[in-house]
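Just below is one structure, and these are the notes that go with it.
Each value in this text was obtained by applying a stated rule to the coordinates, not by laboratory testing. Fair warning: this is a prediction, and the values are worked out from it, not measured in the lab. Cβ placement follows ideal geometry from the backbone for every residue including glycine, while neighbour counts extend to all protein chains displayed.
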Amino acid sequence: MNIVVCVKQVPDTETTRTLKSDDRTLDRAAADGVLNELDEYAVEEALRIKEAHGGEVTVLTMGPDKATDTIRKALSMGADKAVHLTDEALVGSDALQTSYAIQQVLGRTGFDLVVLGSESTDARTGVLAAMLAERLGVPQLSLANKVEIDGSSIRVQRQTDYGYDKVEATLPAVVSVVEKINEPRYPSFKGIMAAKKKPFETLGIADAGIDAAQVGLANAATEVVDFAEAPPRERGQIVKDEGEGGVAAAEFLASKKFI
Amino acid sequence: MTQPDDFLALDDELDEAEQGIRDVVRDFAQDRLAPQISDWYERGTVPREIFTDFGKLGVFGMHLDGYGCAGTSAVAYGVACRELEAVDSGLRSVVSVQGSLAMFAIHRWGTEEQRQEWLPRMAAGQAIGCFGLTEAAAGSDPASMRTTARRDGADWVLSGTKMWITNGTLADVAIVWARTDDGIRGFVVPTDAPGFSANAIPRKLSLRASDTAELVLDEVRLPAASAFPDVRGLRGPLSCLNEARYGILWGTVGAARTCYLEALSYALTRTQFGRPLAGFQLNQRRLTEMVIAVGNAGLVGLRLGRLKDAGRVEPAQISYGKLANARAALDVARSARAMLGAAGITLDHPVMRHLTNLETVVTYEGTEEMHTLSIAAAITGLKAFR
């Protein structure tokens, strides 16, 4: 099975993240880049599917040159090869454009199954899987906390507020995963050492057949109009329990409509 | 801009795989070990599961080739030791004894059968190894050991007592060095052999998150194939100690780094006389001396690692690193403890724990005195002992 995992380099959530004042895009220089956390689960799930059913796992990312670090991590975990789409023309692309660009690359690599994290910790739009499935004309199985494959059929449990839905489709398909699906492995030392010897293809937009007029900040369908610092957290309300603590807590919860 | 935790940007010298290994071990150490270490230390235990976790991680014998070992560079192994000892010297000791002493001994001196039998399970953490050289009356002078191995038909019979043996009560296999008619020889001793027992050494005030034991060999009968075939004399055990000391000289960089970073963070937040402790000149001097000590120790580790990877490191150079880095780390820990004042003495901060650990690290695997004399012997050509 030809499994492609789409991964993204995001600023480390443990550092202070900010947008650039001039073009209101993410300031990637201000924070260390790491593999988007949910994408680790996607890589893990792809590896488990490969281990159970055979095939090959390709890591695909779109991002600046330094996103190679992120790809290395996925290769260290055990993915077989990598494709890195990188081009100045792609800077500032929004989700709609990204889905177009990824679609073009997938046209080159082919796929039976595309696996993604259900959202990234930077933009958090959570729409890429849906857009990609639509563009590719294949079923989307979103928010999976369990994936089973049987021949050409794929079944997932889709995480919901009330439990889960059972969703079934026929391959090829796009799956997005949530963190309950598995526990990502630590890369093995052998995997880390082997990573740099694995096939690694770097593509520009011309290589991938991407139309420059359909990508990049200037052509984006959405725009960040303004942004502001998050307000400092307000001090919590402290209730001293003098016999009425339970009532005060209940009143607080009721005032917030929790109970 | 300089980074407080790597002032010389030394890690830029690591290759891609070494950096990758550093990240994995650091994540593991911070996620799985750091949150629990105070508790383990206070209770004086190290959970058995740590061995399987370390095995899955791949740190046991990681710089050895084949038999389930990853075959990394010596530098990568050093960096792993550094990141583990940044949490606790006892946890790094577990890895040193398993990988550098027990596994290395079998890998270097064992028969093919011994390697096949033990190394894959030890690499995976399914079998635990220990290393019996030191005795109660034979520390710096191991040639004076009293443990003997005598022939009885084709068998060997071992008798004696080994002391201060890390991983001793947990071990499935002990590498035991004993006197024979043919000089000191090494034996692979399964710990379930009749006559073998291990007693935990109680009341330790240092390396509490590490198992330390006395091994008793009471007429332990072993088949002929238990002996290492080709090595005689102290050359065998000393080759293993050289490996372990290499891990220590890197590990102490981690312990020193943690103490220094803790002192830095404390000094930046604690105020006295209306300003942070870090703003006082005497403390600035302390912090500067710490950052220099950590950086220099790191440089020594990297240099010796590169020499080791090139197959050119000399035992006296390992002595240099072990002596210099363990001593430097102890100085940093003491200075950090002083900066934390009373707060420094509890397990709420890592410094006193590191400090008491380092009091052991500075003497085990060769005391300051022995390494001083080894280095001096190398530069003068004159041996002041033996």
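Rounded to the nearest Hz, the phi-derived 3J(HN,Hα) couplings of segment B:369-386 under the Karplus curve 6.51 cos²θ - 1.76 cosθ + 1.60 (θ = phi - 60°) are 4, 5, 5, 4, 5, 5, 5, 5, 4, 5, 8, 9, x, 10, 8, 8, 9, 6, where x marks glycine and proline. Projected onto its three principal axes, the C-alpha set of segment B:318-376 covers 40, 16, 14 Å, listed from the longest axis down. Note on chain B: with a GNM built from Cα contacts shorter than 10 Å, the maximum mean-square fluctuation among B:273, B:104, B:196 falls on B:273. Looking at segment B:235-380, the pairs of alpha carbons with a distance over 17 Å make up 61% of the total. Here the Karplus relation 6.51 cos²θ - 1.76 cosθ + 1.60, evaluated at θ = phi - 60°, turns the backbone of segment A:111-125 into coupling constants of 6, 9, 8, 10, 10, 9, x, 6, 6, 9, 7, 9, 6, 6, 6 Hz, with x for every Gly and Pro. For chain A, pairs of C-alpha atoms spaced more than 36 angstrom apart make up 22 percent of the total.
Result for chain A in a Gaussian network model with C-alpha springs under 10 Å: among A:162, A:41, A:100, the largest mean-square fluctuation is at A:162.
Near residue B:370: Cβ cut-off under 12 Å, other residues only, Lys/Arg at +1 and Asp/Glu at -1. The net charge is 0.
Put simply, the convex hull of the Cα atoms in the protein assembly as shown casts, on average, a shadow of 36.9 nm². Among the listed pairs A:166/B:56; A:190/B:308; A:166/A:256, those with a Cα-Cα distance over 25 Å are A:166/B:56; A:166/A:256.
Using only Cα atoms, what Kirkwood radius does chain B have, in angstroms? This gives a value of 21.2 Å.
Under conditions of 25 °C and 0.890 mPa s, segment B:61-149 yields 173 µm² s⁻¹ as its translational diffusion coefficient, taking Rh as the Kirkwood radius over Cα pairs in the Stokes-Einstein equation.
With neighbours defined as other Cβ atoms within 10 Å of a residue's Cβ, the residues B:371, A:84 order from fewest to most as A:84, B:371.
Relative to the longest principal axis of the Cα atoms of chain B, the long axis of helix B:315-340 makes an angle of roughly 40 degrees.
Ordered by the number of other Cβ atoms lying within 10 Å of each residue's own Cβ, fewest first, B:175, B:345, A:238 fall into the sequence A:238, B:345, B:175. Counting only lysines at least 8 places from residue A:197 when in the same chain, those with an alpha carbon closer than 21 Å to its own are A:50, A:66, A:73, A:81.
Its DSSP H runs of at least 4 residues, each contributing -39,500 (n - 2.57), put the calculated 222 nm mean residue ellipticity of chain B at -15500 deg cm²/dmol, to the nearest 500. Ignoring aspartates and glutamates fewer than eight residues from residue B:162 along the same chain, the ones with Cα atoms less than 19 angstrom from its Cα are B:135, B:141, B:172, B:192, B:211, B:214, B:218, B:219, B:365. In the elastic network of chain B, a GNM with C-alpha springs shorter than 10 Å, the most mobile of B:138, B:342, B:76 is B:342.
Could you state the angle between the C-alpha long axis of helix A:37-53 and the longest principal axis of the C-alpha atoms of chain A, as a value from 0 to 90 degrees rounded to the nearest 10? In chain A, helix A:37-53 runs at an angle near 50 degrees to the longest axis. One equal scatterer on each Cα of segment B:1-126, no solvent, Debye formula: the resulting log10 I(q)/I(0) at q = 0.13 Å⁻¹ is -0.55.
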